[in-house]
Amino acid sequence: MKSLIHSDVLFPAENSIRSIAQALYKTVSDLPIISPHGHTDPKWYALDEPFPDPAQLLIVPDHYIFRMLFSQGIRLEDLGVRRLDGSAVETDGRRIWRLFAENYYLFRGTPTRQWMDFVLSNLFGIDEPLTAKTADKTYDLIAEKLALPEYRPRALFKRFNIEVIATTEGALDDLRWHKAIRDSGWDGRVVTAYRPDAVVDPDFEGFSANLDQLGDMTGEDTGSWTGYLAAHRKRRAYFKSFGATSSDHGHATADTANLSDQEAAALFNRIRAGKSDLDDHKLFRGQMLTEMAKMSLDDGLVLQIHPGSRRNHSPTVFANHGRDMGFDIPGRTDYVSALKPLLDAVGAERDLTVVLFTLDETSYARELAPLAGAYPALRLGPAWWFHDSPEGMRRFREMTTETAGFYNTVGFNDDTRAFPSIPARHDVARRVDCAFLARLVSEHRLREEEAFELATELAYTLAKKAYRL
Amino acid sequence: MKSLIHSDVLFPAENSIRSIAQALYKTVSDLPIISPHGHTDPKWYALDEPFPDPAQLLIVPDHYIFRMLFSQGIRLEDLGVRRLDGSAVETDGRRIWRLFAENYYLFRGTPTRQWMDFVLSNLFGIDEPLTAKTADKTYDLIAEKLALPEYRPRALFKRFNIEVIATTEGALDDLRWHKAIRDSGWDGRVVTAYRPDAVVDPDFEGFSANLDQLGDMTGEDTGSWTGYLAAHRKRRAYFKSFGATSSDHGHATADTANLSDQEAAALFNRIRAGKSDLDDHKLFRGQMLTEMAKMSLDDGLVLQIHPGSRRNHSPTVFANHGRDMGFDIPGRTDYVSALKPLLDAVGAERDLTVVLFTLDETSYARELAPLAGAYPALRLGPAWWFHDSPEGMRRFREMTTETAGFYNTVGFNDDTRAFPSIPARHDVARRVDCAFLARLVSEHRLREEEAFELATELAYTLAKKAYRL
Amino acid sequence: MKSLIHSDVLFPAENSIRSIAQALYKTVSDLPIISPHGHTDPKWYALDEPFPDPAQLLIVPDHYIFRMLFSQGIRLEDLGVRRLDGSAVETDGRRIWRLFAENYYLFRGTPTRQWMDFVLSNLFGIDEPLTAKTADKTYDLIAEKLALPEYRPRALFKRFNIEVIATTEGALDDLRWHKAIRDSGWDGRVVTAYRPDAVVDPDFEGFSANLDQLGDMTGEDTGSWTGYLAAHRKRRAYFKSFGATSSDHGHATADTANLSDQEAAALFNRIRAGKSDLDDHKLFRGQMLTEMAKMSLDDGLVLQIHPGSRRNHSPTVFANHGRDMGFDIPGRTDYVSALKPLLDAVGAERDLTVVLFTLDETSYARELAPLAGAYPALRLGPAWWFHDSPEGMRRFREMTTETAGFYNTVGFNDDTRAFPSIPARHDVARRVDCAFLARLVSEHRLREEEAFELATELAYTLAKKAYRL
């Protein structure tokens, strides 16, 4: 049987380009995976328990999948997505899987299809196309494999050739699973990342209580601006002790601020006193990005900013199923004005690394590449989220390289909670980058030996260097 | 003589892609035309009279053509475009045609050139390039053909293999030509579409009188909000009785509203009392999109929204020649915020179909694909107007497919009043889609049998299904 | 040794496209250079002195180069970029060159790399890749050549086959170097262009004194609106006497205004009296674009508008090194509303040429092509600045041609002060345009003989015609 994944997948058809791409890819396909930004659950690595049934592993938690099915009229309940009101949803993995398989054709042309075929083929040895007909057989094969010891999280971690993976934890997380991993003596390298949304965004649920808790955890007075900053510093140090090399910030906009200490303290006091308005909250979020950047100058954490998502766009889905249900919709995002206050403060620093992401591709050539191609503190994160796809990655390179070059980018991020898909995602990125380099070589815009160097940089070295891993 | 249209036109040069594209195209090139959205004149099909001279048919009414010539310094009067003040314009078809032919080189690289060559070659059997030299001969050949019975509207309708075509009529139209078509017993399927701009936009000329007329036509009290809504329902039912399966809405923005009944009634009363301001008008237009969507839930009409055009940009041209003279210029268009009120109300409905169009390609990957890839009620209209072109269609697929897939799109719309060009326009769309699919196959991102299925879906089935035809 | 520049550089790999591109390129590669917009120093042509050392010629003044190096942590001082405070910077050309050579790999994939390799190879006969190892040897070879008479400005002008080049001078410039060129009897055609920023922008440093000086130079009363306009007319005439065929306007936005004479005079008086605010200043800049367009109707100067740059984005770099240090960052730019007042006044004029540039590619297909494809007064400037690059030029053609055609564009501008790179820049543009035309031919969208005509139009004729040179 032919493999679901052709050995030349994603390489251009033109012969001379394809053969260069093949040669480049050969040198990077087996490089270890550096995953500096993602959302896998550290508990998996800590407990090393078997993964649940195929549907619970591959369908139910994947908003790429249930979003597309929902868009075509399939009920989320029938896909096993839990309801906030606790009313019944489908729990039979096989029935969920069948529903997915019947509708798998909807994913034609999407990266989800690419990743899923890769997982079926490379991880589970299945090379028959997934359809209504093959659904049960496929389900059984996967279920069987998941019961085997070599399909437990740690075994897969090794099999996937992951050199290091970062998870993401909130500032108030006790990092117990990271502690458990360390205490277990297992040699897989799993690091955390500092995500302080709950304690830097005054609009976050329970913000005030969160700050109290932050004070309790650190022994600092989070009723005062200086105590609050000190508490952040302590948490960052704690996260660093579990391997963190970065912090992570997802705001609706890229707005930053550059207030004086006095102004910032006054703003903080207004918020703590409950006398602030929405403009204050926005200003505070912006100021905290700049504060985090200043702390990064001291402690070396890489600052990641990924703005632009309008979260929970559908009130119906939000009411029924809660957050992160595939309804985070991008909008226009300004960087050139929004980032100026932060850049005024720290943009010229050579020891700081701020990684910028976007959901608005119009900013690639117009704003992000010119900014990253000028400010020493800036680097461009890879094509991200809706753009973590072959065409998206190609556009990223075509629109950023001529102004920012390759070396102001940071390699690939998988950014996923879908652990089994991690090798697929890195494979797609490596192939697309090799195809891009091959085109440059074939058009004599790059020498072959340079392309080989770059292939490794893009697949491995840049991520390691930029994230200080 | 070589044909003006090469059999491989619009297929990529690379051999393996081209041969897949050829094979795909072969299966769709002869499929019937589904034209669910357009602006041909139902009178043509009703009366079946011969078309006028070549210039009056092909040049004078086509704003793609006279706009480009005007942009290069040719007077609209010399092209036969009538003036509002009734002063003289060129009426000699042959002279207009000569002027066009002399300047035909200006259209190099444009879809107009592609369509016109297709019409000359496939419809009129002319395969000599159109130039000043060949102008007269070409004119004579076309004029001769237009006099033949097989060049009358109904004969062309059959020749073009049109399975169904939609025209567009205003809410106050009596649909007399549609009635005449029906009464004639002719078996060509021509349906109408409900375009209520004149009675939903308070800034429309004669809005108040239009509402009175709407009341007269329906026997409803359009002085009250409930009567006004009831009048719409009656008109929609009347349009449905002439085959309508859709309504059509072209606003300057995609703004929608989701007012309570009470608020909506109060707004309506303010407007009817002449006590409203421009913000009220905008709000009313937005509310009416949501009202139309709610009516669609009841009567099944597909709701089409195509915002973003700044109409009649040149006051000089508007004063001299009136509306629709090629000076409708696109601008930035927001969807993610603008549509939220409508989507809050009906976005999760599975029995509703809202087709979104855009003139702002930056919204494809950033907003439209994520929205259509999540909300069951949404589908994406094809690359439209300035983007109804080979590069425009390619970008549409490249920027929407990875997030929305193919099945959240609705096939092709020709959207034209240029009847002779309809086969050309569908042919371009079919070729470009086949080329896109061929690239995916050649890069092993899609299996060949899937591409064959999709080719038919994109050329025929999706339009039929989405528009419930 | 292989040349650093392959003879097929920038041509697509696919054989049939490449061979058409080669054939097209062969007919344009040796055409004379028309450079209608640029920033070379007329003093060079006037004095014809040898250029300084390699680093002072090729590195220190080139913000494309030092910006990229700075973005990767290299100090501008180490690259010889002078500080405003006069403190020491590197002055040893060889050390600067070595630093550049060591880091030359950072430019992989950028047009800077393409231009520099072209200069090394075609101008200096160097075909060994530039690296740390070859730095000294390369430096010596260039230095040696620069001492030769055939490397002086006038000799290079001839060698570069420049038919005409435009420089850019401020409205208050006495054009002494242009006078010196004329007086020298040298037959190279060097013309000026009228750049009145200092006397049309109330926020410009010394605006009021500049207007006084403008009055002194022209004998007009620049205290009055009519005198001020008369002074502009006189300066434009003076510039025309030194060959100027264009004026040049770089504002932060494309905003224009269309005030009555009375309103404009009142605005001018407010500004002159020091009683204006920032909105007045913006309005005045916009009004002056319209005034310049009206003067162009009289004197025939081509009006160039290139908005969208946020100048001097980094206050640190601005404080240390001043203006034009690579920190002019683009932002979103609106045209369709911003230009309306100017177009209302003069857009339908057939004897006016307004050339529009952009740094915001999202405007190509959405706004600029529809505007230029409709208004007789408008033409599109080429892909510009950050987009003066292979991918940028390709996107320009792909996004503008289908709506505006080729004939509403104006050929290539090098827009550079880097004299040695001028042939490289024109060569890139010619190759990319030939590749684009070749693709159209290979896809049967254009006949071969048309492509040959267009290749010459794009490389030579359109620039000459549009700029009336």
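Worth a mention:
- Some residue of the range C:174-192 being assigned by the TED database to the domain that holds residue C:292, over 30 Å from residue C:32 (Cα atoms) and either free of Cβ contacts under 8 Å to residues at least 60 places away in the same chain or in a loop (DSSP other than H, G, I, E, B) (or both): no
- When the range B:148-173 is limited to residues that are assigned to a helix (DSSP H, G or I) and basic (Lys, Arg), the one that is farthest from residue B:34 (Cα to Cα) turns out to be B:154.
- The set of residues in the range C:199-224 that are aliphatic (A, V, I, L, M), under 18 Å from residue C:270 (Cα atoms) and touching a helix residue (DSSP H, G or I) at 6+ places or on another chain (Cβ under 8 Å) comprises C:199, C:200, C:211.
- The set of residues from the range C:45-64 being under 27 Å from residue C:101 (Cα atoms) and among the aromatic types (Phe, Trp, Tyr) comprises C:51, C:64.
- Which numbered condition residue C:309 fails, given (1) over 18 Å from the mean Cα position of the chain (by Cα); (2) at pLDDT below 95: (1)
- Exactly one residue out of C:89, C:81 is assigned to a loop (DSSP other than H, G, I, E, B), at pLDDT 95 or above, in contact with a Lys or Arg (Cβ under 7 Å, 6 or more places away or on another chain) and surrounded by 14 or more Cβ atoms within 10 Å (Cβ to Cβ): that is C:89.
- Residue in the range A:332-347 that is acidic (Asp, Glu), assigned by the TED database to the domain that holds residue A:299 and within 18 Å of residue A:39 (Cβ to Cβ) present: no
- One residue alone among B:96, B:74, B:65 is assigned to a helix (DSSP H, G or I), within 14 Å of chain C (Cβ to nearest Cβ) and among the β-branched types (Val, Ile, Thr), and that residue is B:65.
- Checked against the criterion of being in contact with a strand residue (DSSP E or B) (Cβ under 9 Å, 6 or more places away or on another chain) and more than 7 Å from chain A (Cβ to nearest Cβ), the candidates B:420, B:390, B:370, B:382 yield just one match: B:382.
- Condition check for residue B:351: out of contact with any Leu (no Cβ under 7 Å at 6 or more places or on another chain) and farther than 23 Å from residue A:310 by Cα: no
- Qualifying residues in the range A:263-302 (those that are outside any helix (DSSP H, G or I) and in contact with a strand residue (DSSP E or B) (Cβ under 7 Å, 6 or more places away or on another chain)) - the one farthest from residue A:250 (Cα to Cα): A:301
- Residue C:145 assigned by the TED database to the domain that holds residue C:421 and assigned to a helix (DSSP H, G or I): no
- In the range C:6-36, the residues that are assigned to a loop (DSSP other than H, G, I, E, B) and within 14 Å of chain A (Cβ to nearest Cβ): C:6, C:7, C:8, C:9, C:10, C:11, C:12, C:13, C:14
- Per the listing B:131, B:167, the residue uniquely modelled with pLDDT of 95 or more, assigned by the TED database to the domain that holds residue B:424 and either in contact with a Ser or Thr (Cβ under 6 Å, 6 or more places away or on another chain) or not basic (Lys, Arg) (or both) is B:167.
- Selection from the range A:118-133 of residues that are surrounded by fewer than 16 Cβ atoms within 10 Å (Cβ to Cβ) and either over 28 Å from the mean Cα position of the chain (by Cα) or among the aromatic types (Phe, Trp, Tyr) (or both): A:127, A:128, A:131, A:132, A:133
- With a requirement of 1 or more residues that are out of contact with any His (no Cβ under 6 Å at 6 or more places or on another chain) and surrounded by fewer than 22 Cβ atoms within 10 Å (Cβ to Cβ), the helices (runs of 4 or more DSSP H) lying completely within the range B:337-433 that satisfy it span B:340-346, B:390-404.
- Single residue of C:323, C:350 found to be of a type in the set (Lys, Arg) and either in contact (Cβ under 8 Å) with a residue 24 or more places away in the chain or within 11 Å of chain A (Cβ to nearest Cβ) (or both): C:350
The values are calculated or read from the model by the stated rules, or taken from the named source; none is laboratory data. Note that the structure is predicted; figures quoted are calculated from it, not measured. Here Cβ is always computed from backbone atoms with ideal geometry, including for glycine, and neighbour counts include all displayed protein chains.
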